[in-house]
1. So, in region 168-178, exactly how many residues are open to solvent by less than 70 Å² (accessible area, probe 1.4 Å) and more than 22 Å from Val90 (Cβ to Cβ)?
2. Quick check: anything in region 179-199 surrounded by fewer than 11 Cβ atoms within 10 Å (Cβ to Cβ) and at positive phi?
3. Within region 217-245, how many residues turn out to be assigned to a helix (DSSP H, G or I), farther than 17 Å from Asp42 by Cα and touching a residue at least 24 places away in the same chain (Cβ under 8 Å)?
4. Taking Gln160 and the conditions (1) surrounded by 11 or more Cβ atoms within 10 Å (Cβ to Cβ); (2) of a type outside the set (Val, Ile, Thr); (3) modelled with pLDDT of 95 or more, which numbered condition does it fall short on, given that it satisfies the others?
5. If you take the residues of region 246-262 that are of a type outside the set (A, V, I, L, M, F, W, C) and touching a residue at least 40 places away in the same chain (Cβ under 8 Å), which of them is surrounded by the most Cβ atoms within 10 Å (Cβ to Cβ)?
6. Any chance you could count how many residues in region 270-306 are more than 20 Å from Val322 (Cα to Cα), open to solvent by 70 Å² or more (accessible area, probe 1.4 Å) and modelled with pLDDT of 75 or more?
7. Scan region 116-134 residue by residue and report those that are without any contact (Cβ under 8 Å) to a residue 40 or more places away in the chain and closer than 19 Å to Ser159 by Cβ.
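The values are calculated or read from the model by the stated rules, or taken from the named source; none is laboratory data. Predicted model only: the values in this text are computed from it and were never measured. When we count neighbours, we look across all protein chains shown, and the Cβ atoms used for this are built from the backbone with ideal geometry, even at glycine. For the accessible areas, the whole protein counts, side chains as well, though only heavy atoms, and no ligand, DNA or RNA atoms are used. Shrake-Rupley method; radii C 1.70, N 1.55, O 1.52, S 1.80 Å.
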Amino acid sequence: MAYPFGPSQKRDSSPDAVLQCKHKDTSLAQALHDTSMQSQYDAACKRLLSEKIVLAWILKECVPEYREETIDDIMNKYIEGTPEVSSVPVQGSRIQGGNTEDTDLHEGTIRYDIFFRALLPQGKGRLLLLINVEAQNKENPQYPLVSRMVYHLARQTSSQHGVEFTNDHYGDLQKVYSIWICMNAPKRRANSMNVYEMTEKQVAGHVKLKKADYDLMTGIVLWLGDPDSKEYKGIFKMLHTLLSNKVEEPKKRQVLEEEYDIQMSEKMEKEVSAMCNLSQGILEQGMEKQRIQDEKKVQRQNIKRMKKLLAAGIDKATIANVFDCSVAELEALSPKQTR
């Protein structure tokens, strides 16, 4: 491969500047393309998770209030309306029935991945639950995921004022759930579930209050992955099969239909197909990105080697022949070169 610069360039002809110039435009275009494909993949994941039968499985396996209910009842009797996907803002919003009133009109508003209301079975306390489901490709190293989950729970609670209750009627607060699904968890966390909730601790005396009066916020985190572990079953296997870019489309359909009685609708098949295609594209982009990085590394190493050989007095024609470049390109490396 020829050396990536020549004497005809009018800008900075130093090797590092020319190398940067060579990849500047392509790197930006690649980054934009990568971001677009990743965004499309994430959107497809959210739409799949928002299917009522998928949410029914999540509620049955993760939310105690629905543990004794059938998937069919959860899906058809308890989940209200159509779940909202990336439309309910975390800040500046009020949750009103099955719809939302968005009072924050600024661009870049952070929105819940999925938000919906679910009626409670009779005898389960309050009338309904407000539920947020978040899909995380990987955890953000800039902050603890569980801290963000607590913020979501607080927002879901405070946004009920003026909707579920007015003035100081705090007894009408409805319980909120925030469920976080981490799709590419480290192996040490794969197939795990943690629950975070408010509890009562009697420090002095023996006062015991009614749990339903304070048990109003519950956060749940599921970490998926590692199909080879013995815990890979139930909700973990179902969600991993549905969302993983390592499970091919025919296998997804087989597992979901045979083990979880999830019949793939035309809409779901379309989303699964799109997600599989996008994941393949993202994989290929990753390989191309690695190839470019490797190429840059080799080029930098070659520059160092050429400089050493020039400093040692090796004939330029010999060096040019070894590194498949021109003598003019080598002269750009010469410390005696002036512009």
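1. 1
2. Within region 179-199, not a single residue is surrounded by fewer than 11 Cβ atoms within 10 Å (Cβ to Cβ) and at positive phi.
3. 4
4. (3)
5. Step by step, filter region 246-262, then rank; the result is Tyr260.
6. Qualifying residue count for the region: 1.
7. Result: Arg117, single match.
Table: residues versus (1) part of a strand (DSSP E or B); (2) of a type in the set (Val, Ile, Thr).
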site: Gly123; (1), (2): no, no
site: Arg126; (1), (2): no, no
site: Asn132; (1), (2): yes, no
site: Asn140; (1), (2): no, no
site: Arg148; (1), (2): no, no
site: Gln156; (1), (2): no, no
site: Tyr177; (1), (2): yes, no
site: Lys187; (1), (2): no, no
site: Val195; (1), (2): yes, yes
